[in-house]
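Here's the structure, in structure tokens; my notes come after.
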């Protein structure tokens, strides 16, 4: 079994050279990578959303494509288009920016719903279909989408089907005074990303992704996950709860967190630590709760606090310490 803990530490330490003071957010990004999931980064401009995506691509030695979404963008601008070659007398496929490994979907909510939908097949099935021909996307494939939660003028809110495709949602937030001073010093002459080097190879990434799937999840932890999901559907503050895709996402994210922590089994603490990032964007808050200024994050935190944590032995048959 690959040393996932060492893999995660190398990537996180490399990212921390550029993204200062955001260890928890960086860990969520690495968890998303190990789960082959996509991450929605929701925050105000200037806090490092784009730089985080670029730094991840450089750390992994992966291809990086940026899609700057605008209201006049067409689906073909994302997926690609078939163009007729007069010399060869046949159509040739010109791949769009979504055909890559690390994809930054910048300001995704500025695109029309039709263009947003162009990402659905790529994110879920890891392929794109253009003119009836299916093109398989390279591995690893990860979409890091950004959106501004403050400025809504000229935007199109992501539909539930699109939000559900994101494994995790995170907010970077403003740095502390100490960290912001460090950022000023680090970028005074040259940006740290210019000297960032790859720390892992593609084969290592794919091996780590495969090994995460074998992390042990006990029946007690599985029941705990489903109990949390069920409570999102039963909550009086929630109009629409999380789907079974949310259960799968929470279990897989828990496996990745356990692996990064050097364990071959998932604890309830892993589930609790990731429940908001995995589930908050999947639930729809009802109008009455919105009038009380309740956010989906606050509702999820309340659900987690009220859900009994299972006791007893969580690791009936551990696979062996992966940190060795």
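The values are calculated or read from the model by the stated rules, or taken from the named source; none is laboratory data. Please read all numbers here as calculations on a predicted model, not as lab measurements. When we count neighbours, we look across all protein chains shown, and the Cβ atoms used for this are built from the backbone with ideal geometry, even at glycine.
Evaluation of residue 169 against the conditions (1) surrounded by 20 or more Cβ atoms within 10 Å (Cβ to Cβ); (2) outside any strand (DSSP E or B) shows that the sole unmet condition is (2). Any chance the range 41-48 includes a residue that's assigned to a helix (DSSP H, G or I) and surrounded by fewer than 22 Cβ atoms within 10 Å (Cβ to Cβ)? No; the residues of the range 41-48 include none that is assigned to a helix (DSSP H, G or I) and surrounded by fewer than 22 Cβ atoms within 10 Å (Cβ to Cβ).
Restricted to the range 100-141, the set of strands (runs of 3 or more DSSP E) holding at least 3 residues that are surrounded by 13 or more Cβ atoms within 10 Å (Cβ to Cβ) comprises 102-106, 127-130. Among the residues of the range 253-266, at least one is crowded, with 17+ Cβ neighbours inside 10 Å, closer than 16 Å to residue 40 by Cβ and in contact (Cβ under 8 Å) with a residue 40 or more places away in the chain.
Across the range 180-196, what is the total count of residues that are assigned to a helix (DSSP H, G or I) and surrounded by 12 or more Cβ atoms within 10 Å (Cβ to Cβ)? Let's see the steps before the verdict.
Of all residues in the range 180-196, those assigned to a helix (DSSP H, G or I) come to 180-186, 192-195.
Then keep just the ones that are surrounded by 12 or more Cβ atoms within 10 Å (Cβ to Cβ); that gives 180-183, 186, 192-193.
Residues flagged as assigned to a helix (DSSP H, G or I) and surrounded by 12 or more Cβ atoms within 10 Å (Cβ to Cβ) within the range 180-196 amount to 7.
Look at the range 51-77 and say how many of its residues are touching a residue at least 60 places away in the same chain (Cβ under 8 Å), in contact with a strand residue (DSSP E or B) (Cβ under 9 Å, 6 or more places away or on another chain) and closer than 20 Å to residue 31 by Cβ. Walk me through it before giving the result.
Residues of the range 51-77 touching a residue at least 60 places away in the same chain (Cβ under 8 Å): 51-56, 58-63, 71.
After this cut, where a residue has to be in contact with a strand residue (DSSP E or B) (Cβ under 9 Å, 6 or more places away or on another chain) as well, the list is 52-54, 56, 58, 60, 62-63.
Now narrow it down to the ones that are closer than 20 Å to residue 31 by Cβ: 52-54, 56, 58, 60, 62.
Of the residues in that region, 7 qualify.
Scanning the range 201-236 for residues that are modelled with pLDDT of 90 or more and not in a helix (DSSP H, G or I), which turns out nearest to the chain's Cα centre (by Cα)? Residue satisfying both the conditions and the ranking: 213.
Annotation: of all residues in the range 237-252 being in contact (Cβ under 8 Å) with a residue 60 or more places away in the chain and in a loop (DSSP other than H, G, I, E, B), the one that is nearest to residue 217 (Cα to Cα) is 243. Going through (1) in contact with a helix residue (DSSP H, G or I) (Cβ under 9 Å, 6 or more places away or on another chain); (2) surrounded by fewer than 16 Cβ atoms within 10 Å (Cβ to Cβ); (3) part of a strand (DSSP E or B) one by one, residue 94 falls short only on (1).
In this structure, residue 158 does not satisfy being at pLDDT 90 or above, crowded, with 18+ Cβ neighbours inside 10 Å and in the same structural domain as residue 70 (by TED's automatic domain parsing). Being in the same structural domain as residue 203 (by TED's automatic domain parsing), touching a strand residue (DSSP E or B) at 6+ places or on another chain (Cβ under 9 Å) and modelled with pLDDT under 85 is a property that residue 43 has.
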